[in-house]
Structures are given as structure tokens and as C-alpha cells.
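Reading through the C-alpha cells given below for one structure.
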Amino acid sequence: STTDGTTFTLNDGVHPAVVFEFDADPDPGTFTAGNVRVNLTNGGGNATDVADNVRTAINGLPSTTLAITAGGTTATVTLTNDAQGTFGNQTITTTLVTTGYSVSGMSGGRGRDCAATTGCASTNDCAPGLTCQPGVGGALTCQ
């Protein structure tokens, strides 16, 4: 079963990392300040119930805090970065070590990685915070 007080950390590559904490206490004020509570009241139920609670905790955050959407069915939680780009390929860390529970990092992100002054076709080519604009001589570059 999931252990009260254990954590996992997600990072969308743009905002500060977010720590989620499994909390089996009936009082939601008894988990670590600053962490996001994953409700496991009454033991959390079965693996699907725990996964549903993880999805609820992740999807309950505004995209200005964490731009990741949790999906999946049954006991598997899938994560999708809301923005394209290699910056979203982040490691997921956890303090939980138990049989049947595993994590793998975010991967598969492509694009949105061109630095300032790099040629571009659209803003989707540029790293976060940059846009594709005409530069010196009219050529499009990330700025």
C-alpha cells in the first residue's frame, strides 16, 4: 500500500517543481506545508483509487503552477506536458519504494529548444520565453 507522507516530484520544465505528498490522515492540514496533497483517506483504497487520487491532485493545479495533464486508466497514470518541447523531458523523483509502484521520467518532447538568434519558422521552434520574429536583414530568428 502507499505510505502516508511519501512524495513524488513533477517538473514541467518551465515552472518550479511541484512536490506531491500522499496523505492518509483525515485532516488535510497534516501534510507538509508547500506540498500538494494526494488524498489517501481510509487507506487510499485499491491501486486504481490511488491512481485516481493522483490524477485529481495533478489536474487540480492551475497550468500556471504545473503545465502537466494526468491521464490514464485504472492503476496507470500517464503524464503529458501541456507544451511541446525538449524542456519538458524531466525526471520524476519519489521517496516511495514499494512493490508494484514505479515511475519513469517525462520523455519524447521535441522542438521549442532553439536559442536566441537561431533561425526559426515559427514560435514553436523557439525555447520558452522567445518568439520567432524578423531579425537583422529580415530573417526570422528566435528573440
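The values are calculated or read from the model by the stated rules, or taken from the named source; none is laboratory data. Everything numeric in this text was worked out from a predicted model, so none of it was measured. Every residue, glycine among them, receives a Cβ derived from its backbone with ideal geometry; neighbour counts consider all protein chains shown. The accessibility values were calculated without ligands, DNA or RNA, using every heavy atom of the protein model including side chains. Shrake-Rupley method; radii C 1.70, N 1.55, O 1.52, S 1.80 Å.
From the list GLN84, GLN90, exactly one residue is at pLDDT 75 or above, out of contact with any strand residue (DSSP E or B) (no Cβ under 9 Å at 6 or more places or on another chain) and closer than 15 Å to HIS15 by Cα. Which is it?
GLN84
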Hits in the range 39-68 (condition: part of a helix (DSSP H, G or I) and in contact with a strand residue (DSSP E or B) (Cβ under 7 Å, 6 or more places away or on another chain)): ASN53, VAL54, ARG55, ALA57, ILE58, ASN59
The listed residue being surrounded by 18 or more Cβ atoms within 10 Å (Cβ to Cβ), β-branched (Val, Ile, Thr), farther than 18 Å from THR98 by Cα and touching a residue at least 24 places away in the same chain (Cβ under 8 Å), out of VAL54, VAL50, VAL18: VAL18
Flag if GLY100 is surrounded by 13 or more Cβ atoms within 10 Å (Cβ to Cβ), part of a loop (DSSP other than H, G, I, E, B) and either among the polar types (S, T, N, Q) or modelled with pLDDT under 80 (or both): no
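Could you tell me how many of the residues in the range 7-32 are part of a loop (DSSP other than H, G, I, E, B) and at pLDDT 90 or above?
5
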Some residue of the range 79-86 being open to solvent by 70 Å² or more (accessible area, probe 1.4 Å), in a helix (DSSP H, G or I) and out of contact with any Gly (no Cβ under 8 Å at 6 or more places or on another chain): no
